[in-house]
1. What order, most packed first, do the peptides 360-366, 206-212, 63-69 have when packing is the mean number of other Cβ atoms within 10 Å of each residue?
2. Ranked by Cβ crowding within 10 angstrom, fewest neighbours first, how are HIS266, HIS354 ordered?
3. Skipping prolines and chain starts, which residues have an amide H placed within reach, meaning under 5 Å, of the one on ASP236, given they are 5 or more residues away or on another chain?
4. Please work out how much length the chain gains when fully extended from SER456 to ALA203, using 0.36 nm per residue of separation minus the C-alpha to C-alpha distance, in nm with one decimal.
5. Between LEU359 and VAL473, what length in nm is gained on full extension when 0.36 nm per residue of separation is reduced by their alpha carbon distance?
6. If one computes P(r) from the Cα atoms of segment 45-486, what percent of pairs lie at distances over 38 Å?
7. In which sequence would PHE309, PHE146, PHE122 go, from the one with the fewest C-beta neighbours within 10 Å to the one with the most?
8. Applying the Karplus parametrisation 6.51 cos²θ - 1.76 cosθ + 1.60 with θ = phi - 60° to the phi angles of segment 385-397, what ³J(HN,Hα) value in whole Hz is obtained for each residue in order, glycine and proline being reported as x?
Amino acid sequence: MYDLSPKRAKPAIPTEMPTKSTPSAPVERAAIANAVPSQCGFFSNFHRNEMWTYFGPAFVASVAYIDPGNFATNILGGTQFGYRLLWVLLWSNAMAMLIQYLAAKLGIVTGLTLPQNCRKHFSRPTTIALWVAAEIAAVATDLAEFLGAAIGLDLLFGPLLYAHGLGSRGSLLVAALVATVLVFAILALDLAGFRWLERGIMAFVAIIGVSYAFEMFLVHPDWKLATISTLLPTLDRSSAQTFHNCIYAAVAMLGATVMPHVVYLHSALVQPRLQELTGSALPATETLEGLEARNQPTQIPRRSILSRFLRYELIDVFVAMNGAWLINSAMILMAAVAFVHATNLQPTIEEAYHTLGPLFGRAAAVVFAVALLCSGLSSSTVGVMAGQVIIEGFLDIKFPIFLRRLITVIPAIVLIATGLDPLRILVLSQVVLSFALPFALVPLLLLTSRVDVMRSFASARRTRIAGWVTVAVIIVLNAILLGQLAFA
């Protein structure tokens, strides 16, 4: 499967300095080629073919930012408040780019995942507490994503099952079982190599993006109002209840956009490329100076390789996260236009599907369901991968990824069988994720700021300030929501 745990084998170190004409191994040729410093700036060395080899990790992580939880919270926000909360997505995306880059940077520089770094550098009680919080986030994530895939399948193929006598609950259960099989099939792509799994996930992201571009073509939003609402932060203060609902929707959107489980996962997704580039699974903090101090010369200029990897990963993060932001914004715009006159201010995903057809034609409803299905399947796959990284990294054990999928399916199937409203479950799960965020972000910021962990790659002061401001905003919003829930 996708090997997310770096191995401890030492690199093979040649006894002679290789030359350009007689490289000692293909790995060293690639390492030396990638390590050549730019003579005329970064963009003069910008090669599209080379850049594509670095694309992938951030796109896999970005799936979590357009998962079914986003569908639920964006439908809720757009229906109740129109364009007003678009600014939440803009700032959430800015936070997401910073956080995902720091997560990738930690994995690239240390050669370890975030959970592994927590286990290595924090006390055991702290590590266990962080693991529990991470598992809660992973369970909430799995629940939302698996439900979304099941609902998408049910919307598309449920009528066929209804014709054979199945009720709505039975149809949704069948869809859930089919979704389980499909997720297993997607995970099996990794058997052909990690890049095949990345390409599969990226294909799902592309389908979701095209689907919402088509929806925008149909609904014709007010682009001027959308731009103002994106740039100008406002909340609806027309009444105390409306303000409470607005805060609830904003926190849920934040929880749906900045996802704690992919903070852990992104630090693992970069590991296969790191091993390709360095020809070693040795942690990247093993620097030239460290090797020389132990009288072990090396011909691989590791800092140059890592710097190049970090530059391309920054591009990867920027493109992937902004793509997810545009899709999320399109969800809000669609809901704001399509459901502006809706009598139900909290429509379910099924109601949204059935509303789109009469308003904009059958194609609009089908495309919406296809996007939801792709979102659910891809994000459910990513959620399982994140769960594996969490449990293996924090507890230092091997845990089969297929077993992880089987375990996380059970709560979702139970909830479907009880007949609870899927939309409420999805939105509540995103609020839970928002509360779990600081337990992922605080360790990440602490570790990336420590010189003994990151060496010369430790975060600059402005990066640390931006990171702590992000955490403070999330904690303040959570405190406001808690207060409102307590005194409601």
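1. On the way: 360-366: 16.3, 206-212: 18.7, 63-69: 29.9.
Top of the packing list down: 63-69, 206-212, 360-366.
2. On the way: HIS266 31, HIS354 13.
The fewest-first ordering by Cβ neighbours comes to HIS354, HIS266.
3. Amide H to amide H, under 5 Å and 5 or more residues apart or across chains, ASP236 pairs with nothing.
4. Working: separation 253, 0.36 × 253 = 91.08 nm, distance 3.65 nm.
The span from SER456 to ALA203 would gain 87.4 nm if fully extended.
5. On the way: separation 114, 0.36 × 114 = 41.04 nm, distance 3.84 nm.
Length gained between LEU359 and VAL473: 37.2 nm.
6. Values: 19990 of 97461 pairs.
The proportion of pairs with Cα distances above 38 Å equals 21 percent.
7. Least crowded to most crowded, the residues run PHE122, PHE309, PHE146.
8. Along segment 385-397, the couplings run 4, 5, x, 5, 4, 5, 5, 6, x, 6, 9, 6, 10 Hz.
Quick note: the coordinates plus some simple rules give every number you see, no bench work behind them. Since this is a predicted model, take the numbers as computed values, not measurements. Don't worry about glycine lacking a Cβ; one is built from the backbone with ideal geometry, like all the others, and counts go over all protein chains shown.
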